[in-house]
Each structure stands twice: as structure tokens, then as C-alpha cells.
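Following: one structure in C-alpha cells, then a few remarks.
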Amino acid sequence: MIKVEHLSKHFGKVKAVDGISFDVNEHENLVLLGTSGCGKTTTLKMLNRLIEPTHGKVFINNKNIQEQQPEILRRGIGYVLQNNGLFPHYTVGENIAIVPQLLNWDKKQIQHRVSELLEKLHLSKDYLNVYPNELSGGQQQRVGLARALVADPPVLLMDEPFGALDNVTKAKIHAEFKALDELKKKTIIMVTHDVQEAFELGDRICLMDRGRIIQQGTPTDLLFNPRNRFVEGFLKEQRLLLEFRAITPPPPPEGGTLRLNGKVLPPDVSMWWVMEQFKFKGNESISVYDDRDKEIKKLGFEDLMLAFYQYKQQKTHE
Amino acid sequence: MNDQQQTLWDFMRQQSDKLATQTLEHIGLTFISLFLAVLIGLPLGILIARKRKLSGSVLGIAGILQTIPSIALLGFMIPLLGIGPKPAIVALLLYALLPIIRNTYTGITGVDAAVKEAAMAMGMSKWQILFKVELPLAMPVILAGIRTATVITVGVATLASYIAAGGLGEFIFGGISLNNTNMILAGAIPAALLAIIFDFLLSRVQKLNFKKIKTGTYILPVIIVLLASVYFIPSAYGSKLTAGFTPEFMGRQDGNLGLQSKYHLKIHTIVISDAVMYKAAYEKQLDVISGYSTDGRLKAYNLVVLKDDKNIFPPYFAAPIVREDALQKFPELEKTLNLLSGKINDTVMTELNYRTDYLHESPENVAKDFLVSKNLWRPDRGGNNGIVRIGSKIFGEQYILANMYSMLIKGYTDYDVTTKTGLGGTKICFDALTNNQIDFYPEYTGTGLLVILQPSQQIINTVEGSKEKTYNYVKEEFEKRYQIKWLQPIGFNNAYALMMRQKQAAALNVKSITDLKNYLDKK
């Protein structure tokens, strides 16, 4: 879907981005992770030509973006900014309708699409005629997301989209973000410096430092097969938490399910989530069901911990 | 106080025609300049917001323009654009530029970078970003700039009357010259009101929500254009010859009023400052002007004085007038000042004026040369027995006289001297004298009679014809009323006179004011 080849951006003698390459598959969520100044935002902005690269090429859907008119290119790519960048002189409704208006949609279609998105993003219709400064930070960010999604672009670029939010709001929006059906059909590239966020939302992560990609791979790859000291160090502080979040309980036999109090758990449920249920909801075990809906065994806290260590050992020896 | 207000009201009612015309002219001048300034300043501001490298030089130049004194700027315009509304509008618009450019620049560069980036990332073109994002968001700041520019322009527009562009300055400067407080107020109050009203209206516009009233953005220029067009209504005219008279001449019995009542002269007249009048006549922008008979520019510009065959211009013998307490304080002063008495006749004075006004010699040199040639000059005694303060009005002849007196006092007495030259007009000079800001200044008998004393028409008629009678009358009255003494006349008579270019006067066969009237009536 997106192919980046030897992309570089030099500001004078400073190599902000230094010859990086990566691919993003369709409907994948790739996170560019790194400290500030590592070149992740510059990389992102080269994808919709807000910044022109010094060297290298970017292909979206096999088309070289340098050969397209920037305005047209950008109308087909959603963009979400950290400080939301909402137009203060436009109402929420007008803000969301900017791209469709540029694309000359008719009024009814715009109205319909705007109210559809408001609903999906849990924003009341009353906000339609309200100006952005009357909204809370979380609501503003939702409007920013709606604005990026309104024309249903296949690609979405997100520059620290939740960076300005407090932790409580952030957690809530993360959950909504993962649940939003609109996003499941998108190819997303997201920039963040927040390791937890990267692990929670990213299908794959590119860890960047000083303009280069140090390692790219799934969250578990980064955790258990760090390529070098830098990667290890970057994840060190929150390692345990990340591991519990990255690892799932031992899978049931073919066709079977894991259940908690009779409710089927999704296949990607994390160890962390299960532990939370144990700790806060008073549960003591989850049940393993086979393909004929028969309970085979129960897994308690100690079983899970055992599985966790086995998994880790296995991973690090791979 | 009540009495004063009453008479001001009367004056304004009496002159309501003129007042209305001048107010309209003033509004027109202001808005035409403002409109052009916005037309130039806004795109310039946008340009430098885009190309920041240019911002330093553009803002620098606009800033320098702003620091040029308004009168000087008006003066610069005359060689380029002549007199009348054109140079005034250009000068005013140059003044209005800086706040408009600067605020447009600040407004646009101040738009949140994230908002601009979002606009770009959504696929807006540069122009769409400008019109949909940058300008609407910068509008309050831009309007604040226009507001500042409006107030500046209303103020500076009063000076437009100096170069015959009309406006409320006619009353203000006429009033200062004529010692007529009501006239000054009749110009100054409406000018101040205009500034306040426009400022208030623009503050309301500024508070409008541009999202809600999008059309407001378009109405504003339309209003400005309408107000600007007001200017052209009163200035639609046509006449064979054009006269340019000073504000002072316009309001004087021995000036335009006399021309109308005694000669029944009907000529298209514009009001212009003395400083540019002669040049304008020379450059054929004006045909008839109200000059002074000893003015050096008479000679420089080949002008000829029309004979005052009905004697409406009284003699204007110059003499120093001194406060009596100053004469007591400086006992040698009177004797010293009288050294000059009878020494300068009309021709000599015209020659001296010519040297300063046209050959641009310094008044000091001219004064010294003259004193040396008359064997009156003595070196400075470096005295420190008190300081005599000399005043002068704001034209060449007075500067020369002030310099001569200064040299005489320094050479013949032990007093030191300070000069306060360039006091704007009769009223300013005279007020400075009565308020003990200066000790003496050269005044003219006719001015003393008509401007300061303002006696009844009957008295004027009896003394006007003869120079002795006028001199004696003002001398007596000044002593009685103000304790100010007229010393002996210097000799020359600097009276008002109507002048034309020699060539034109010969071609039209106009030698006297009556000839001029007959020529104008012929058609």
C-alpha cells in the first residue's frame, strides 16, 4: 500500500531523516516511535508532501507521490495533528466538512456524512454549530479525527494524535480508536513518543533514532528480540507492563475458546487484561473450551504466570 | 464661558455651508486615502508575510515614511504632483500605510501554525488558505491597523488645507492666523469628532463575528468607497481663473471679504498655505494669489502686483512691538531696536526676502550683510545682563528682522538674546507676547488693527486710508488694552496684494483688481 524508499531530509547539514525505507500493508497500523527530534514527524510529513524530501521516493498505491499535484494528493490522505489544528473560525460542522467541500460534494451528502461521523465518534449533534474553543480537549481531538476521516481516505496520517490529552481521556480515546469500524479499513501511519501507545495501537512499530530506523517489527519482536542495546534501553522502563500487554494467555486447542464467566474472550486478549479482571473483578480463573464447547480446564493466576515465563523463554531463544 | 459657546454656535450656524463642505471634504480625503492605503497596504502585508525576507525593508521604508513630519511630506509632494487633492491624498495614504502593512503582516504571521498546517494537509491551495484561513483569522488585527490608520488620517488631513486640498484645516489654520478662536474650534471640534466617531464605528466592526456576517467583509470596502466619493461632490467646479488665498486672507476684511464686498470679485478660490502659494502660481496651478508686497518670491517667480484701485488693503508698516514691562526691565532695549527705524524700504525688504526665500541664503547672513552695509553692525559683546526673548512669525522676512534685532542687541547692549522664531501665526505670536513667553516681535500695523484689535467698521474706515492714522490708532489702543508698545516703524510696507504671473497679466491686460473683475465678468 505504502512504500518508502531511501527517504532522506536534510536541513542544511543536519540529516533529520537519513535514508530510511519501510513498507506499510493495507489496513495496517504502523507506528513511528522515537524521542523528539528523531525524525519521525519529518518522515510523516513527507508522506503527504508537507515537507519535500531531499532524496528518496514514496509510493502510495504504486504511484509516486512526487508526480501528483500536492493539493490533490493531500485531499486523499487523512491527517490528524497533535494540536488538532481545527479552524477556530469554523464551527464543528464546518470544520469536518472542509475536505468534502474542497472535493465539491453536494450539500446533502456532506450533511449526511458529517452527522454519521459525529455519531460514530460519540459527539452529540448539538456540537454541530459550536466553535472548537467551546469543546474539551478530547472532544476537539475527536472532531480532528472526524475531519480526517470524512472523505473516507484510504490512508490516514496521525502526528501524535493523542499527545495533548491527559491520561484518563487518552485511555478512553484509545479504546474508542480501536473499536472504530472506520479505522479498520484504513492504512494508518501514526507518530508517537509514547511507548505504551505504540504497543497498544500499532500492528507494527518502527523505532527511530537520529533519522534512522533502528528496528521495525511487531511489538513482541521489539520486546523479545531487540536488535541492539538502544532498543532494549528504549523499552526498559516499562518492560514488565509491555510484556504483559504483548503476551496472550496460552491459546485454546484448535476451534476452542477462552472464556471468563462464560463470556468468550477475543483471541488477542492480553495477559494484562486478564490479570486486571482477576485483581479488580474478583475472578480467579478463565476457562478453556474445546471445539465442542466443552470446558477442558481452568487457568488460575499461577497457570498464567507459568505460561508467561515459558513464553518469554521460548521467545528469547527463537 | 456660556457666552463663548453661544458665539461658537453662532459662528458654526453662520458658516454652516462652509462647515458642511469642509467636513465632507475632510471625510472624503480621509477615506479616499484610506481606501488606497488598504488597497496597497493589504497586498503588501500579505506579500511580506509570505516572503519574510522582504519584511524588514518594507516595514522599514513604511516606518521612515511615517517619521517624516506631515508638513514636510506635503511639501515634498508639490513638485511631484502640484497642489490640491492629489498630493494630499498621496501624502495621507503614505501615512496610513505603516499601520495597515504592519498589522496585516503581524495578523497573518500570527495565525496558529497548526491551523495553517491542517489547512495545507487537507489539500487547500495557497489562495484558499489565504482567503479561508489566514485573512479571516488575521482580520481583527488587520482591522485594528485600519482603525489606527483612520485616526491618523483624520488628524493629518487637517494639514491638507495647506496645499489647497480643503478639509477642516481651512477653519483651523484660518482661525489661528485670524486670532479667531471660534473659527479654530469650528474646525477642530468636528475634526476631533470625526476621529472619535470613525474610531468607534471601526471598533464595532472589529467586534463583529466575521463567520456570522460574512458579507460584512465585503460591505466595508463599499462603505469606504462611498465615503471617499463624497470628496468629489463638493469639488466639482469650473472657472476661467483659479485663485489661491491663504486661510488668513480668506477670513479678513482686508482680504477676500473685502474683495467680495468692494470689488464684487467672483473667482474660483482654493485655500492654500503661504509656503506653497507662490510656487503654485509660478507653475500655473494658480492664476491669482494673495501675496505680500515685499515678498522675495514676487521677484523670484516673475509675479506682478495688481493695483488696489479701491484701497481695500490697508498699509502694513512693520514695527517691533514690545511688552512695557520688558522695556522697563531692559532700559536700553527701545533705543537699540529703534536703530533699525526707517532703514528698510519696500525695495530693500523685497531684495532681502529674495535672498532668503529664493537664493536660500541664511537669514542670519542676510541680516548681517545688511547691518554691515548700513554701518550698524557691531561684534557681540557677550553680555549677560539678562536675556531678551525675540519672537517671529513663520516667514522669511520675520526671520531676517529677528536676526537683525538679535545682532543689534548683542552688539549694542549687555543683554543676551534667545530667539523663538517660526511661531505659527499672528495669534500664536501675540499670545506668546501677552503671556510673557517672548518680549517682542515685529508686527504690522494692519494686522494689529484688523486681526488683534478688531475695531468697528466705522473706525476701520476712518483710519484705514492713511498709514499715520493706522499707526497712531494701534499704538494707542495696544498701550491701553495690552500694555504693549509699538516702537518706530522700520520703514517698509508689507501689505496684502493680489498677484498674477507677469506674462498672464500682460496677455489678459489686467493691471488692477478692477481689471481682473471686469475680465472675469466678461464671459
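Brief remarks follow.
- By the rule of a C-alpha distance below 16 Å, with chain neighbours fewer than 8 residues away ignored, the aspartates and glutamates paired with A:K40 are A:E5, A:D18, A:D23, A:E52, A:D159, A:E160, A:D194, A:E197, A:D209.
- Per-residue ellipticity at 222 nm, computed for the protein assembly as shown from helices alone with -39500 (n - 2.57) per DSSP H run of at least four residues, works out to -15500 deg cm²/dmol.
- Take the convex hull of the alpha carbons in chain A; its mean projected area over all directions comes to 19.3 nm².
- A Förster radius of 41 Å, combined with the Cβ-Cβ distance separating B:I189 from B:L39, puts the computed FRET efficiency at roughly 0.85.
- Over 20 Å (Cα to Cα) - which of B:K240/B:K517; B:K266/B:K522; A:K45/A:K120 fall in this group: A:K45/A:K120
- Normalising the average separation of contacting C-alpha pairs (under 8 angstrom, six or more residues apart) by the number of residues puts the relative contact order of chain B at 17 percent.
- Sorted largest first by accessible area at a 1.4 angstrom probe radius, with every protein chain in place, the residues A:H193, B:H268 fall in the order A:H193, B:H268.
- Inter-chain shielding of A:87-99 (mean C-beta neighbours from other protein chains, 10 Å cut-off): 4
- Where A:W272, B:W9 fall by accessible area, highest first, once all protein chains stay in place (1.4 Å): B:W9, A:W272
- Sorting B:254-263, B:290-299 by average packing, meaning the other beta carbons within 10 Å per residue, from highest down gives B:290-299, B:254-263.
- Mean separation of Cα contacts under 8 Å (6+ apart) over length of chain A, as relative contact order %: 19
- Taking 0.36 nm per residue of sequence separation and removing the Cα-Cα distance, the A:R227/A:E134 pair yields an extension gain of 28.8 nm.
- Ligands, DNA and RNA excluded, the heavy atoms of B:L337 present near 0 Å² of accessible surface to a 1.4 Å solvent probe.
- In this structure, the pairs whose alpha-carbon distance is over 27 Å, taken from A:K170/A:K312; B:K393/B:K469; B:K262/B:K480; B:K262/B:K511; A:K57/A:K170; B:K299/B:K368, are A:K170/A:K312; B:K262/B:K480; A:K57/A:K170.
The values are calculated or read from the model by the stated rules, or taken from the named source; none is laboratory data. Note that the structure is a prediction, hence the values are computed from the model and not measured. Using ideal geometry, Cβ is built from the backbone for each residue, glycine included, and neighbour counts are taken over all protein chains shown. The accessibility values were calculated without ligands, DNA or RNA, using every heavy atom of the protein model including side chains. Shrake-Rupley method; radii C 1.70, N 1.55, O 1.52, S 1.80 Å.
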